[in-house]
1. Out of everything in the stretch 6-38 that is touching a residue at least 12 places away in the same chain (Cβ under 8 Å) and polar (S, T, N, Q), what residue ends up being nearest to residue 251 (Cα to Cα)?
2. Give the number of residues within the stretch 144-166 that are out of contact with any Cys (no Cβ under 7 Å at 6 or more places or on another chain) and either open to solvent by 50 Å² or more (accessible area, probe 1.4 Å) or of a type in the set (Asp, Glu) (or both).
3. Where residues in the stretch 117-148 are assigned to a helix (DSSP H, G or I) and in contact with a helix residue (DSSP H, G or I) (Cβ under 6 Å, 6 or more places away or on another chain), which of them is nearest to residue 79 (Cα to Cα)?
4. Considering only the stretch 222-255, state which residues are out of contact with any helix residue (DSSP H, G or I) (no Cβ under 8 Å at 6 or more places or on another chain), within 27 Å of residue 203 (Cβ to Cβ) and either charged (D, E, K, R) or at pLDDT below 90 (or both).
5. Given (1) touching a Gly at 6+ places or on another chain (Cβ under 9 Å); (2) over 26 Å from residue 17 (Cα atoms); (3) crowded, with 20+ Cβ neighbours inside 10 Å, where does residue 209 come up short, assuming only one miss?
6. State whether one or more residues within the stretch 176-196 are hydroxyl-bearing (Ser, Thr, Tyr), in contact (Cβ under 8 Å) with a residue 24 or more places away in the chain and outside any strand (DSSP E or B).
7. Restricting to the stretch 72-110, what's the tally of residues that are more than 16 Å from the chain's Cα centre (by Cα) and among the β-branched types (Val, Ile, Thr)?
8. Do you know which of the residues in the stretch 167-206 that are open to solvent by 10 Å² or more (accessible area, probe 1.4 Å) and among the hydrophobic types (A, V, I, L, M, F, W, C) is modelled with the lowest pLDDT?
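The values are calculated or read from the model by the stated rules, or taken from the named source; none is laboratory data. Keep in mind that this is a model prediction, so the values were computed, not measured. Reconstructed Cβ throughout: ideal geometry from the backbone, glycine too, with neighbour counts over all protein chains shown. Surface accessibility is based on the protein's heavy atoms, side chains included, excluding ligands, DNA and RNA. Shrake-Rupley method; radii C 1.70, N 1.55, O 1.52, S 1.80 Å.
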Amino acid sequence: MDMFFSLSKIFWFIFDPGNILVFVLSFVSVMLWLGKRTLVKWSMLVVILFVLVVSIFPIGGKLLFVLENRFPRVDKVPENIKGIIVLGGVVNQFLSADRGVVSVGSSVERVIYFCKLAKEYPDIKLVFTGGSGNLFDQSLRETEFVSPLMSQLGLDPSRVIFESKSRNTWENAVYSKNIINPSADELWLLITSAFHVPRSVGAFRKAGWNVMAYPVDYNTLSNLRYQLGFNFRSGINSLAFGIHEWIGLTAYWLTGRSSEFFPSR
């Protein structure tokens, strides 16, 4: 697990679209100083085309759309659920520790719906799984800072079982299972961001959980309506999210961390 986690972080640092753009521009600068003008011209043409395509066309949005619509939204929770699992990635523990207040990101919907369902089902088991995904600093764990957020949302943290060692989705599944030891006939709700659901479900099924996906935190419209625009920042962000998740699906499948390449309901 240690090697996979480290390699995944290093791989994404190299192949993140934004970082690739920086690498190419750095290369172009060096070539310009070396007088390789022909190479510089062609490289800049590629960069300009990339920026225009990402700015105008919703490529990243389409990648996310396919992921977010793989599992349907849950309108009614089955009465026989044994418990609810919510994946971390909600609180920035380093910023929270530094500023002295709970700092959340866009994935906060995971905890919002977790708390909502916990109130509706007061007798079921509750699990929050999330440690630190930082490659170089494991000193602070997300579980240490999410409890105050739950309290603010009306949920007593003493009801929740916290798993704090996991650093990625596969470890979320494995380490939580080691704590809970669920039986095959127990149905659990799995709450995470909609684009992250396929990989999460694949990992949890592979680890031996019987889970029903509860997608939240959507980024795309349900009917694939897109308007052409010009926003490179939005385009590069959605492209990075989309590529990251598709690479993650592929890596999990190839390394046996997912039950199938593109899990479905």
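1. Among those that are touching a residue at least 12 places away in the same chain (Cβ under 8 Å) and polar (S, T, N, Q), it is 8.
2. 11
3. Top of the filtered list is 147.
4. Passing the criteria: only 222.
5. Unmet condition: (1).
6. Yes - at least one qualifying residue is present in the stretch 176-196.
7. 6
8. Selected residue: 184.
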